[in-house]
Amino acid sequence: MRLSRSLIPTLKETPAEAQIVSHRLMLRAGLIRQQSAGIYAWLPAGQRVLRNIANIVREEQDRAGAQEILMPTIQAADLWRESGRYDAYGPEMLRIRDRHDREMLYGPTNEEMLTAIMRDSVQSYRDLPQMLYHIQWKFRDEVRPRFGVLRGREFLMKDGYSFDLDYAGAVASYRRMLLAYMRTFRRLGVRAIPMRADTGPIGGDLSHEFHILAPNGESGVFYDNAFETIGLGDDTLSYDNQADLNAFFEQMTSLYAATDEKHDTEAWNNVPAQSRREGRGIEVGQIFYFGTKYSEAMGFSVVGPDGSKIHPEMGSYGIGVSRLTGAIIEASHDDAGIIWPASIAPFRTAILNLRQGDAITDTLCESLHEKLGDAALYDDRPARAGEKFADADLMGHPWQLIVGPRGAANNQVEVKNRRSGERTELSADDALTKVL
Ligand code: ATP
Ligand code: MG
Ligand code: MG
Ligand code: MG
């Protein structure tokens, strides 16, 4: 992509409305623009990040055996009356009336809708277990939308739901998702820690929130520092092997990690003092077992092998796709700007032409651009070198290919790694090999 023809409106000044670094950088790097409180438009570079994150989430859900669907954003109030949540949900729900005066709402989550779909589609124990998910916009009329996409009102979420015949099956689904989540975050290039979370009236230990550590996080977190170094869901584990899933669950849950809401000082005191870490975290996902709460309330049952009626055991599994964009920036930036993990960067490489209009420099840049294709952003603007350096650092591309007239004459390029700051002078071919 050519920067001269792209809508990537970077800002030199710090926008006054942004209180925290990720929000400032998302505005300054031209990723988003606010439309109303907590409602954002995603510009080309921002949309590329969002799509990259969603694709990794999708691939890991599919790999874990979940099926992708797409449910609507608008739901009927009557559906939520069936579960009793229409009144219980309160002012966070955006309620709408259509032209026939029917009560509708913009979905904050989809337990009711999918339970109703399953109720209409599944009759026998043979049809279970099933796990389904979608990646769809949600609306929650947050009291205090803030910190940009970290707490929006309209936001993109992956929400998945499992349906099992019994508790043991539900536990297996939960453990499968725990592994899928850890693999997802690892591929996104961040470390997220599974923390014990509130299970509500159901009790038990089957709810975890996944937190990215960052000083601006809204939650206080307490964790064993082993989480800073242990492997998180490596590829040798198999979804087809329940022993693998159990061992992984055991490993993740035997180490202490809890948010302030669930902090247990007695258990904390049993963690060796040198391993205790306290900090702040951003909730980027949550997994939850809630039993037959919705299947019973909404009359969803299947016929068991002996003809008896079974209310499926359910769980739900959320990931904040749009929140992750901001959370990853909170965890990965410096004074100059964003430092994108390569897997989600809008562009893996930027080509900086330091002498636009110089025939030799232009020719080399064009040929690099052609070879790198869509993964590269070519800064072909007639701008000063200093401006190009500053914008590339701000936008956070993992690699920069810096091309000036002197190097170009010898087919030489300077390669800069954004994270380490390391710069090396290489031939154009070697530079391409390095960034590919
Ligand atoms: P929070 O505690 O931050 O309000 P939540 O616990 O209400 O989040 P869940 O119902 O668990 O959220 O939804 C699943 C995921 O959706 C969360 O882990 C989070 O990553 C994301 N999410 C929730 N609310 C928002 C929001 N207002 N803006 C952006 N992402 C959100
Ligand atoms: Mg909330
Ligand atoms: Mg929460
Ligand atoms: Mg939550």
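Since every read-out is calculated from the coordinates, none of them should be taken as a lab result. Given the structure is predicted, the values throughout are model-derived calculations rather than measurements. Every residue, glycine as well, gets a Cβ built from its backbone with ideal geometry; the counts of neighbours run over all protein chains shown.
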Environment charge at T236 (Cβ cut-off 15 Å; Lys +1, Arg +1, Asp -1, Glu -1): -1
Taking segment 153-308 and dividing mean pair separation by its residue count, relative contact order in percent (alpha carbons under 8 Å, at least six apart): 32
Angstrom value of the Kirkwood radius, inverse mean 1/r, which spans all Cα pairs in segment 133-258: 16.3
Neighbour-count ranking [beta-carbon atoms within 10 angstrom, fewest first] of I360, I135, I32: I360, I135, I32
Part-to-part distance (alpha-carbon centres) for segment 100-121 and segment 74-99, which is given in Å: 9
Cα-Cα pairs of segment 113-199 separated by more than 14 Å (percent): 76
Whether segment 350-427 is rounded, prolate or oblate, judged on the alpha carbon gyration tensor where a/c under 1.5 counts as rounded: rounded
Length-normalised contact order of the chain in % [C-alpha pairs under 8 Å, at least 6 apart]: 17
Bins of 10 Å, starting at 0 and running to the largest distance - Cα pair percent for segment 238-301: 14, 31, 31, 19, 4, 0
Gyration tensor verdict on segment 301-362 (Cα atoms; rounded if a/c is under 1.5, prolate if a/b is larger than b/c, oblate otherwise): prolate
12 Å beta-carbon shell around R102, net charge (K/R +1, D/E -1): -1
Residue order, fewest to most beta carbons within 10 Å, for S275, S420: S420, S275
Separation of the S4 and R97 label points, Cα + 7 Å toward Cβ, nm: 5.6
Unit Cα scatterers, Debye sum, segment 197-248: log10 I(q)/I(0) for q = 0.15, 0.22 Å⁻¹: -0.67, -1.08
Relative contact order [Cα under 8 Å, 6+ residues apart], segment 280-436, whole percent: 19
Volume per residue of the C-alpha convex hull in segment 184-290, rounded to whole Å³: 118
Separation of alpha-carbon centers, segment 347-363 and segment 210-237, rounded to whole Å: 40
Built amide H within the under 5 Å cut-off of M195, gap 5+: E209, F210, H211
Segment 250-355 - Rg (one decimal) and Dmax (whole number), Cα, Å: 22.5, 79
Coarse-grained scattering of segment 356-398 at q = 0.15, 0.30 Å⁻¹, given as base-10 log I(q)/I(0) from a Debye sum over alpha-carbon atoms: -0.40, -1.13
Formal net charge of residues neighbouring L11 (Cβ-Cβ distance under 15 Å; K, R +1; D, E -1): -1
Likely footprinting exposure, W80, W137, fewest C-beta neighbours within 10 Å first: W137, W80
Calculated FRET value between R126 and D244, using beta carbons and R₀ = 30 Å, to 0.05: 0.70
Overall dimensions of segment 338-379 by Cα: Rg and Dmax, Å: 11.5, 34
Among Q67, Q251, Q75: highest mean-square fluctuation, GNM of the chain, C-alpha pairs under 10 Å: Q251
Calculated log₁₀ intensity ratio I(q)/I(0) where the Debye formula runs over C-alpha points of segment 1-67, q = 0.23 Å⁻¹: -0.98
Two-decimal ratio, the chain, of alpha-carbon radius of gyration to 2.2 N^0.38 Å: 1.10
Inverse mean reciprocal Cα-Cα distance (Kirkwood Rh) of segment 269-331, Å: 15.8
Isotropically averaged projected area of segment 98-147, using the convex hull of Cα atoms (one quarter of hull area), nm²: 6.1
Tensor-based shape of segment 1-150 (alpha-carbon gyration tensor, a/c under 1.5 rounded, otherwise prolate or oblate): oblate
